[in-house]
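First the structure, in the form of structure tokens, and then the observations on it.
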Amino acid sequence: MTNVRASTEADVFTIKVDISDVVKELQEKAERSRIQWEESEWYLGEARESVGRIEKQLDELREAYRRLEGSHHETTAQLQEQARQRDEANWYLGELRVVHDALRQQARELIEQLTRARDDIELMRRESEARQEDLDVERARRKAVEADLYAVRRHGERRGAVRRQRPDLVAEVRAPDGLLLFHGCLPNVSLTGLAFATEQSIDDIPDFVEVTLHVSGIPRPIEGVGRLVWREAIEGANQWGCELLDLLPDSRKSLENALANGA
């Protein structure tokens, strides 16, 4: 050390130290230590602030984690509820499919029953129409018989030919002006005359009428002129007797063949 001196005088060892230099050096060291301490305090303050910020961030993270955990529990509960609702909906869907299949089967059975019912109704309708036609024929036959019997009793009618009934023969009787007086099956017909009945009363009937006969199997109709010879009202229906006056040879032959074949 440059500020320390040692000497020996009269067997006495003496050390002299320059304190000013020591003090100065200590002061310098103290200054450096103070500066270091201040720097340490500053760094410590920065570190404390950093620790505070970190602790604040950590608290925020903890709060966020707590909220996330709550949201997680809530979301998990919602997912579980949705899963339960999905399972319940799937169960109801299965039940509805079973009911739908049953209803579809019932609908098919009802359609089949309806089809059979329609077929049965159609068959019954046809049978009813056939029975109605038979009934009309029988009614016309009865009325014709009654008319013939009544005419015989009242007028002593003597016919020149045997009357026959032909259900397949359709007649049209018209007035000279074209008015249709009768259209349908005749109660009876012969080569010399025919009878027919009308439901409504017809006034101002002329004596002579035009007669057209349509016979099954004969392509051309039989046409001629007739004369109304009698009229009677029986059970609300008007009975007419018509004498055939003028038939062409071909028409007479066709009518004769039709009556002979229908005998």
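The values are calculated or read from the model by the stated rules, or taken from the named source; none is laboratory data. These figures come from a predicted structure and were not determined experimentally. Cβ placement follows ideal geometry from the backbone for every residue including glycine, while neighbour counts extend to all protein chains displayed.
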> Would you pick out the residues in region 21-31 that are exposed (fewer than 12 other Cβ atoms within 10 Å of the Cβ) and either at pLDDT below 75 or touching a strand residue (DSSP E or B) at 6+ places or on another chain (Cβ under 9 Å) (or both)?
Replying inline: none
>> For region 230-246: of the residues being of a type in the set (A, V, I, L, M) and surrounded by 15 or more Cβ atoms within 10 Å (Cβ to Cβ), which is modelled with the highest pLDDT?
In response: 244
> Can you find even one residue in region 247-262 that is of a type in the set (Asp, Glu), part of a strand (DSSP E or B) and at pLDDT 85 or above?
Replying inline: no
